[in-house]
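Student: The structure's right below; bear with me while I get my questions together.
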Amino acid sequence: MDNVARRAQELPYHYDDPAIMGDQLACQEELYRFNQLHPMDVHGKDEQLRRMFAAIGDGCHVEVPAHSNWGFHHVRMGRGVYCNVNFTCVDDADITIGDWCLFGPNVVIATAGHSILPILREHHYTYAIPVSIGSNVWVGANVSILPGATIGDNVVIGAGSVVDRDIPSDVVAVGVPCKVLRPIGQKDRDYYYRERRLDVHE
């Protein structure tokens with residue numbers, strides 16, 4: 001069974017399989033080139049992102065350094081996405097990100113994990129389950145999103161959270177593990193940050 005079929009079935013597999021490692025290193029080589037580009041080389045960065053990602057929309061910006069098991073080869077990203085420094089994707093399975101998302105520093109999106117059973121870890125077994133993030137999601141600094149999680153549209157994930165379950169649309173969610181704190185509502189139309197009032201409404 002090839003790597004794509006393994007990922008699709010979400011079955012445990014050997015992460016040090018030579019057939020996997022060869023392709024993975026080639027993808028990491030492209031990521032290495034991206035991380036070496038000059039900050040002012042906007043055109044070069046855009047071209048390299050399009051080479052690395054499975055799909056990426058217009059107007060995306062990924063700060064360097066960025067990190068990924070597969071050099072973002074299994075990541076599909078929409079339009080206008082911003083990723084701050086140390087954006088990390090453990091993309092052994094597919095990661096889907098919608099439009100207009102914002103990622104703070106040190107965000108980790110992990111599709112891969114290891115079994116609790118020690119004998120399986122001893123024999124280098126891992127599993128990979130896709131992660132999906134909707135549109136217009138703001139993920140705060142130092143957030144970890146774990147295998148199989150789905151986040152809806154218009155969500156805010158508070159800094160330092162660990163997302164180990166699905167989060168519905170239109171909510172603020174925080175914590176370890178991450179849970180819904182409240183819906184997004186009228187207060188958010190009146191105040192942009194705590195008691196700092198917005199002067200203009202749409």
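The values are calculated or read from the model by the stated rules, or taken from the named source; none is laboratory data. Note that the coordinates shown come from a computational prediction; the quantities given were computed from them, not determined experimentally. For neighbour counting, all protein chains shown are included, and Cβ atoms are generated from backbone atoms with ideal geometry for every residue, glycine included. Please note that ligands, DNA and RNA were not included when accessible areas were found on the heavy atoms of the full protein model with its side chains. Shrake-Rupley method; radii C 1.70, N 1.55, O 1.52, S 1.80 Å.
Student: What about N142, is it modelled with pLDDT of 95 or more, within 19 Å of C60 (Cα to Cα) and open to solvent by 70 Å² or more (accessible area, probe 1.4 Å)?
Tutor: no
This table checks each residue for (1) more than 11 Å from the chain's Cα centre (by Cα); (2) modelled with pLDDT under 95; (3) under 26 Å from R182 (Cα atoms).
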position	(1), (2), (3)
D58	yes, no, no
L120	yes, yes, no
W138	yes, no, yes
G148	yes, no, yes
N154	yes, no, yes
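Student: Would you point out the residue of segment 61-80, among those that are in a loop (DSSP other than H, G, I, E, B) and touching a Gly at 6+ places or on another chain (Cβ under 7 Å), that is most open to solvent (accessible area, probe 1.4 Å)?
Tutor: R79
Student: Which of the residues belonging to segment 102-122 are closer than 30 Å to W138 by Cβ and assigned to a loop (DSSP other than H, G, I, E, B)? Step through it out loud before you land on a result.
Tutor: Kept after step one, since they are closer than 30 Å to W138 by Cβ, are these residues of segment 102-122: 102-114.
Selection gives G104, P105, N106, V107, T111, H114.
Student: Then there's this: In segment 90-124, which residues are open to solvent by less than 50 Å² (accessible area, probe 1.4 Å), hydrophobic (A, V, I, L, M, F, W, C) and either farther than 25 Å from G59 by Cα or free of Cβ contacts under 8 Å to residues at least 24 places away in the same chain (or both)?
Tutor: We begin by selecting, within segment 90-124, every residue open to solvent by less than 50 Å² (accessible area, probe 1.4 Å); these are 90-93, 95, 97-99, 101, 103-105, 107-113, 115.
Subsequent filtering for residues that are hydrophobic (A, V, I, L, M, F, W, C) retains 90, 93, 95, 97, 101, 103, 107-110, 112.
Once the filter is applied, which keeps residues that are open to solvent by less than 50 Å² (accessible area, probe 1.4 Å), hydrophobic (A, V, I, L, M, F, W, C) and either farther than 25 Å from G59 by Cα or free of Cβ contacts under 8 Å to residues at least 24 places away in the same chain (or both), segment 90-124 yields V90, A112.
Student: Out of (1) touching a helix residue (DSSP H, G or I) at 6+ places or on another chain (Cβ under 9 Å); (2) assigned to a loop (DSSP other than H, G, I, E, B), the odd one out for Q48 is which?
Tutor: Unmet condition: (2).
So that you can scan it fast, the table gives a plain yes or no per residue for (1) among the small types (G, A, S); (2) open to solvent by 70 Å² or more (accessible area, probe 1.4 Å); (3) within 11 Å of the chain's Cα centre (by Cα):
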| residue | (1), (2), (3) |
| --- | --- |
| V42 | no, yes, no |
| R50 | no, yes, no |
| A55 | yes, no, no |
| T88 | no, no, yes |
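Student: Now for a separate question. How many of the residues in segment 153-185 are open to solvent by 50 Å² or more (accessible area, probe 1.4 Å), over 20 Å from T96 (Cβ atoms) and touching a Leu at 6+ places or on another chain (Cβ under 6 Å)?
Tutor: The total comes to 1.
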